[in-house]
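The values are calculated or read from the model by the stated rules, or taken from the named source; none is laboratory data. Fair warning: this is a prediction, and the values are worked out from it, not measured in the lab. Here the Cβ is made from the backbone with ideal geometry for all residues, glycine too, and neighbour counts use every protein chain on show. These accessible areas exclude ligands, DNA and RNA; they are computed on the full protein's heavy atoms, side chains included. Shrake-Rupley method; radii C 1.70, N 1.55, O 1.52, S 1.80 Å.
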Amino acid sequence: MTKIRTIRQIIEPQFVMEGAGVRLRRSIAPRRENSFDPFLLFDHFAFNDPAEGPLRGFPTHPHRGIETVTYMLEGVVRHRDSLGNMGEIGPGDIQWMTSGRGILHEEMPRRGPGGAIYGFQLWVNLPARLKMSAPKYQEFNASAIPEVERNGVKVRVVAGEFFGVRGPVTEIAAEPLYAEVLIQPGVEFCQAVPQDHTVVAYVFEGRGLFANSGTDSAVGVEAVSMVDFGPGDEIRIQAGSDQPLRMMLMAGAPFNEPIVPYGPFVMNTVEEIQQALVELRNGTFVRD
Ligand code: FE
């Protein structure tokens, strides 16, 4: 029998400063409790006021033990990394970077023609067996990301399968579903999700009823909020009647391993963090 997932909690994103003074809305941050296993972090960058002054970005910094996923709606992020990748992530593009044992990169946002920057960065954990694996990189242009529309629901599929359509990002340990979803006013979206996976939805426009509408379990949610789903094998979301609901939806298999986060590193033990810091100091962090 289908079990509709109820809502465990609704998280209000908090403003934080990162990089060289970039203001972000953060709803998930890496912590030892690892409550959103395999997801470690979710940041929303939204600048649209020229009065915010010159844009600062994320000058060269390392990562180890995680995957960083950048998805833009407006504006671009110029990037460059120690694997030799270089380019711009623009509206609708996806960059899925698996840092493995180590990568150094730079991420510099730039406003789009409308003067705004709007995008998301997700961090996905790597299991212990892959934390020191060779770094890997997947980047897809907007045109390579399939868009599927059914009964008033439009899904841009980055990873995993929605309505029988698979996203281009593959071979990720957490077996993620990741998609941008737009639900027309009043329409109900139902999506099967693996029973044991963590499921969260970042609502960035509109409002809706989450969980089983017409029952006591339904919960009203308004943008901007991160919704954390409880156990079950299907999610249901009904958009409010006045405007479409837009969200980033993610699901992934938890690794159930202890984690030790430290800035841009997420490892399994304190010793592994110390090792990363030693290698950064002595110049052996990035290996061929
Ligand atoms: Fe980074």
Go through Val221, Val260 for me and flag whichever is touching a Gly at 6+ places or on another chain (Cβ under 7 Å), surrounded by 13 or more Cβ atoms within 10 Å (Cβ to Cβ), in contact (Cβ under 8 Å) with a residue 40 or more places away in the chain and hydrophobic (A, V, I, L, M, F, W, C). Val221
Among Pro127, Pro146, Pro109, Pro113, which is away from the ligand (no atom under 15 Å from the Cβ) and in contact (Cβ under 8 Å) with a residue 40 or more places away in the chain? Pro127
(1) open to solvent by 50 Å² or more (accessible area, probe 1.4 Å); (2) closer than 16 Å to Met250 by Cα; (3) in contact with a Pro (Cβ under 7 Å, 6 or more places away or on another chain) all hold for Val165 apart from (1)
Counting only residues that are in contact (Cβ under 8 Å) with a residue 60 or more places away in the chain and either under 10 Å from Gly102 (Cα atoms) or open to solvent by 20 Å² or more (accessible area, probe 1.4 Å) (or both), segment 267-278 contains a total of 3
Looking only at strands (runs of 3 or more DSSP E) that lie completely in segment 27-146, which have at least 3 residues being more than 29 Å from Arg287 (Cβ to Cβ) and either of a type outside the set (A, V, I, L, M, F, W, C) or open to solvent by less than 50 Å² (accessible area, probe 1.4 Å) (or both)? 39-47, 66-74, 117-125
Within the group Gly112, Gly167, which residue is modelled with pLDDT under 95 and closer than 30 Å to Gln243 by Cβ? Gly112
From the list Ser217, Ser241, which residue is modelled with pLDDT under 95 and more than 15 Å from the chain's Cα centre (by Cα)? Ser217
Give just the number: which of (1) open to solvent by 10 Å² or more (accessible area, probe 1.4 Å); (2) assigned to a strand (DSSP E or B) does Val155 not satisfy? (1)
Residues satisfying the stated conditions in segment 226-252, i.e. surrounded by 19 or more Cβ atoms within 10 Å (Cβ to Cβ) and polar (S, T, N, Q): Gln238
